[in-house]
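See below for the structure under consideration.
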């Protein structure tokens, strides 16, 4: 099963570090966060990656030219500098036709059991499964009834409980809901499949942390030094 990692954004909220490199190449414990994400997928047997690059894509390309991949298959695709998350995925359609695939953001780490996530997705037979987590309230909020997502909102300042933590599993039908480059995956596509009862949530109670700011980076460094390993 292929794994898509969205790595094309500018990372403006952590611009102290992204003037010269894309955010997924910011190092945590000496290695790019992108590498840690891929290592986690690889641990569960998922080693076929498509990296959706854009901003400063050459930094990512150069890294994989130099890095010994240990059985990983990595394809870096230029999805444009100004393309939104849904648009980046749409540009990869030709590589993902007619197959279930996984997708996550290039700036978030978790200890999620990815095999259990895939089994959950296949059991419920929906277009999409997202991983829900419970970090501080400043992320996209979702509401869940049973395992079905009944409400999806991109971001909220209120603590609405479960949030979109990425680590998706998609069926190829998702492409029908993406119109073009300026489509945010987290808006019309996920909102519309939620209304059609085709979006389920895998509730993850363990570790999850994104890296939006320097404070997040510093927190991840502390976690890696103390107890967390992927």
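Each value in this text was obtained by applying a stated rule to the coordinates, not by laboratory testing. Small disclaimer: the values here were computed from a predicted structure and weren't measured. Cβ sites come from the backbone with ideal geometry, for glycine too, and all protein chains shown count toward neighbours.
The table for this structure:
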quantity	calculated
Highest-MSF residue in the chain out of 88, 187, 13 [GNM, Cα springs under 10 Å]	13
Matching label, mean projected area of the Cα convex hull in nm² computed from the structure shown, candidates [x] 11.6; [y] 18.1; [z] 14.2	[x]
Distance between modelled label sites at residue 13 and residue 78, nm, 7 Å Cα→Cβ extension	2.9
Antiparallel DSSP beta bridges within the chain, as percent of all bridges there, nearest 5	50
Neighbour-count order for 170, 64, fewest beta carbons within 10 angstrom listed first	64, 170
Contour excess over end-to-end distance, with Cα ends at residue 29 and residue 59 and 0.36 nm allotted per residue	8.9 nm
Ranking of 210, 7 by count of other Cβ atoms within 10 Å, fewest first	210, 7
Footprinting exposure proxy for 15, 226, 29 (fewest neighbouring C-beta atoms within 10 Å first)	226, 15, 29
Chain lengthening between residue 181 and residue 195 when straightened (0.36 nm per residue, less Cα-Cα)	2.8 nm
Computed [θ] at 222 nm, deg cm²/dmol, the chain (DSSP H ≥ 4; -39,500 (n - 2.57); rounded to nearest 500)	-8000 deg cm²/dmol
Pair residue 123, residue 207: separation of 7 Å Cα→Cβ label points (nm)	2.5
Fluctuation leader among 107, 212, 78 - the chain, Gaussian network, Cα springs under 10 angstrom	212
